[in-house]
Amino acid sequence: MLKAALLAAAVFALPHMAAAQPFDLVILGDMPYGPPEASYPPFEALIERINETTPDLVIHVGDTKSGGSPCTNAVLAEQLDYMQRITAPVLYTPGDNEWTDCHSARAGGFDPRERLAHIRSTYFATPGQSLGSRPLPVDSQAEAGYPENARLMLQGAMVVTAHVVGSNNGFEPHDPETALEALARDAANRAWLT
């Protein structure tokens with residue numbers, strides 16, 4: 001919920017510019033969930049419907065899989081492929097199910113920081129552009145190590161993503177490395193939004 005509120009608050013018209021013009025935006029997240037045979041067909045139908053409506057931008061707020069499903073490279077690649085099937089430009093910000101929750105045995109017992117590094121190297125392999133089959137150029141915080149933080153101007157409005165996730169935002173007091181990662185990412189988010 002926090003991430004959705006941040007995204008909603010981050011779509012605004014800049015006061016020194018002319019009024020923003022209307023544009024079509026699709027925001028989705030927390031899907032597909034469940035076994036592929038049950039959850040993928042409805043998600044594929046949703047992608048087809050999104051493509052039919054030709055929005056100007058799609059934002060995926062993360063959780064491309066359930067917290068208990070495997071965090072394997074294959075599953076993450078499958079979800080990236082779905083985003084690339086969307087014809088509109090896609091901004092994506094990772095959810096906790098894609099990395100912070102991957103330490104659980106049911107998700108594969110992965111190191112969350114390694115999963116985040118993998119997402120950054122695959123989903124954000126070209127940090128100067130959005131995802132989707134018709135990508136747009138974006139500004140990103142890639143030089144600071146946070147390529148998932150992106151922004152672009154669309155019809156006179158700035159659209160911004162900031163990487164804030166559930167599961168305590170990745171902050172695990174018992175693991176100093178996760179705490180340091182979360183604190184550094186929060187500092188980067190604050191810098192990105194100012």
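Output the strands (runs of 3 or more DSSP E) that fall wholly within region 67-180 and possess 1 or more residues being within 25 Å of residue 46 (Cα to Cα) and either open to solvent by less than 50 Å² (accessible area, probe 1.4 Å) or touching a residue at least 40 places away in the same chain (Cβ under 8 Å) (or both), or say none.
So the answer is 90-92, 146-154, 157-160.
Taking interchain pairs and intrachain pairs at least six residues apart, which have beta carbon atoms under 7 angstrom, with the first residue in region 35-47 and on the phi < 0 side of the Ramachandran plot and assigned to a helix (DSSP H, G or I) and the second open to solvent by 60 Å² or more (accessible area, probe 1.4 Å) and of a type in the set (Phe, Trp, Tyr)?
Filtered contacts from region 35-47: 39/33.
Working only within region 43-63, note down all residues that are more than 12 Å from residue 82 (Cβ to Cβ), surrounded by 12 or more Cβ atoms within 10 Å (Cβ to Cβ) and among the acidic types (Asp, Glu).
56, 63
The values are calculated or read from the model by the stated rules, or taken from the named source; none is laboratory data. The model shown is predicted, which means the values in this text are computed figures rather than measured ones. Glycine gets a Cβ as well: all are built from the backbone with ideal geometry, and neighbour counts include every protein chain shown. Note: accessible area is taken over every heavy atom of the protein model, side chains too, but ligands, DNA and RNA are not part of it. Shrake-Rupley method; radii C 1.70, N 1.55, O 1.52, S 1.80 Å.
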